[in-house]
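The values are calculated or read from the model by the stated rules, or taken from the named source; none is laboratory data. This one's a predicted model, so the numbers in the text were calculated from it and none came from an experiment. Here Cβ is always computed from backbone atoms with ideal geometry, including for glycine, and neighbour counts include all displayed protein chains. Keep in mind that these areas ignore ligands, DNA and RNA; they rest on the heavy atoms of the full protein, side chains included. Shrake-Rupley method; radii C 1.70, N 1.55, O 1.52, S 1.80 Å.
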Amino acid sequence: MPDNRLTLFGANWCPDCRNTKVFLGEMGVAYGWVDVDENAAANERIAALNNGKRVIPTIELTDGRVLINPTNAELADALGIERNAKRDFYDLIVVGSGPAGLTAALYAAREGQEVLVIDRAAVGGQVATTDRLDNFPGFPEGITGREFSTRLSDQAQLFGAEILTATEVTAVESGPSCRTVRVAGGKEYGAASVLLAIGSTYRRLNVTGEEEFIGAGIHFCSTCDGPFYGGQHVAVVGGGNSAGEESLFLTRFADRVTMLVREDELTASKIVAEKVADHDSIDIRFNTTVERFEGDVAFERVVINGPGGKETLEVAAVFLFIGLQPNTKWLSNDYERNDAGFLITDGTMQTNVQGVFAAGDVRAGSTKQAASSAGEGAAAALMIRDFLNQRPDLASSN
């Protein structure tokens, strides 16, 4: 990943600015945020960069280049992020670069297979945005999610795997002798086999105001957005491990964290629940649901319904951690799913579509843990090896 630094000029009410912030966060790109509504000098700066026009978002890179309301593709190109593969055909294309995808890639590449990994964001998936992994085997002192992802990516590439980031896969189709992977922009890659390690994302509440304020007060990544709320009061929705761990992380920046928990107790593990309960900067409100989010221009408050009835909670931001949903909406209806949308696989981890396998969080029955996802990636690579051995005519060398 190029180590670019940039300044993003925008405003909290600007949807394109919010989208740009999300993209930069996903790509792991450090940036400075300047709110033009709160900085008069910033308005003059963007006017100077735009020939007198005041257009946001405006991005100024340290090498002097300026981008005016760029698309994600334009921004990726400006950052030097490679989005074109070296080959047209691979033994294995892995869609997704979390622990399952990267582990499968390094196993397959180590055996001499031509492997391509494609991810719409940066390497690592959700793990990359996790502050710290304390329960992954082999790291007694813990390791940050970003460092873990980088190490795993480096290891896969050491064995010859090729990785494309900022590249969105739009379709995976299977024919009698080849799989076709289509990406945004129309380019296609062929593969003897495909592994779907596309993971899952945090669920939304689907209440009034949520969509309007996502990225401008409502967030799903405390690592990405927590530092913006130093010394302020924030809320976390959820009572599981993610909610508890992210609440603890947010106390590094926020002055106070209020957890809004629908149940009458935390569903997090005992150790996480105890840490949360013992923390002086964390308040927990049980039997509480969110009614709506409000704000005149930017987000300002959340209306909640608790044991005492409805009330308004003035907070600078709300972080949502209420469970996961699989990233399968873009897949065709040819793929068999369970009622929750997770992909169903057989004993070899193959989906009902020939030559297309699934591993990690997206697979029905997976445990949604980084360690088990890595294990599933290794197992899937071995199953794919057997599949390819049964079909030598599919090898990329032919």
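Taking the Cα centre of region 202-247 as origin and assigning +1 to Lys and Arg Cβ atoms and -1 to Asp and Glu Cβ atoms, the resulting dipole is close to 80 debye. Springs between Cα atoms under 10 Å define the GNM used for the chain, and in it the highest mean-square fluctuation of Val356, Val257, Val272 occurs at Val272. On full extension, the segment bounded by Ala298 and Ala30 gains 94.2 nm, given 0.36 nm per residue less the C-alpha separation.
Computed from label points 7 Å out along Cα-Cβ, the spacing between Thr289 and Asp346 is 4.3 nm. In this structure region 158-270 gives 41 Å² per residue of accessible area when probed at 1.4 Å with all protein chains present.
Largest accessible area first, the residues Arg285, Arg45 order themselves as Arg45, Arg285 under a 1.4 Å probe with ligands, DNA and RNA left out. Cβ screening of the chain for cysteine pairs under 4.7 Å finds these without a partner: Cys178.
Full extension of the chain between Cys178 and Arg87 gives 31.3 nm of extra length, using 0.36 nm per residue less the Cα-Cα distance.
Here the extension length gained between Val66 and Ala371 equals 105.7 nm, from 0.36 nm per residue of separation less the Cα-Cα distance. Antiparallel beta bridges, as assigned by DSSP with both residues in the chain, represent about 45 percent of the total such bridges.
For region 243-328, just say rounded, prolate or oblate: build the C-alpha gyration tensor, square-root its eigenvalues into a ≥ b ≥ c, call rounded for a/c under 1.5, and beyond that prolate if a/b exceeds b/c, oblate if not. Note, shape of region 243-328 comes out rounded.
All other residues with a Cβ under 9 Å from the Cβ of Leu343 taken together, and with Lys, Arg as +1 and Asp, Glu as -1, what is their net charge? Residues near Leu343 contribute +1 overall. Of the residues Val95, Asn305, Gly231, the one whose Cα sits farthest towards the positive end of the charge dipole of the chain is Val95 (charges of +1 on Lys and Arg Cβ, -1 on Asp and Glu Cβ, taken about the Cα centre). If both residues of a DSSP beta bridge must be in region 4-163, then about 40% of such bridges are antiparallel.
Of Ala48, Ala128, Ala316, which is the most mobile in a GNM of the chain whose springs link Cα atoms less than 10 angstrom apart? Comparing Ala48, Ala128, Ala316 in a Gaussian network model of the chain, the most mobile one is Ala48. By a 1.4 Å probe calculation restricted to protein chains, Met383 has an accessible surface near 60 Å², given to the nearest 10. Got a sec? Which residues in region 270-297 would a label at Thr208 touch, if it sits 7 Å along Cα→Cβ and we count backbone N under 15 Å? What the label zone holds, given the 15 Å backbone N cut-off, is 290-296. When both region 271-337 and region 1-72 are represented by their alpha-carbon centers, they are found 28 Å apart. Taking a ≥ b ≥ c as the square roots of the eigenvalues of the Cα gyration tensor, the chain is oblate, since a/c reaches 1.5 or more and a/b is not larger than b/c. For the chain, with all protein chains in place and a probe radius of 1.4 Å, 46% of the accessible heavy-atom surface sits on carbon or sulfur. Accessible surface calculations at 1.4 Å, restricted to protein heavy atoms, place region 67-117 at 39 Å² per residue. Per residue, region 285-398 exposes 46 Å² of accessible surface when a 1.4 Å probe is rolled over the protein heavy atoms with every protein chain present.
Taking Ala374, Ala41, Ala298 as the candidate residues, the one with maximal mean-square fluctuation in a Gaussian network model of the chain, Cα springs under 10 Å, is Ala41.
A simple count of charges around Glu311, restricted to other residues whose Cβ falls under 13 Å of its Cβ and scoring Lys, Arg +1 and Asp, Glu -1, yields +1. In the chain, the calculated helix contribution to ellipticity at 222 nm averages -8000 deg cm²/dmol per residue, counting -39,500 (n - 2.57) for every DSSP H run with n ≥ 4.
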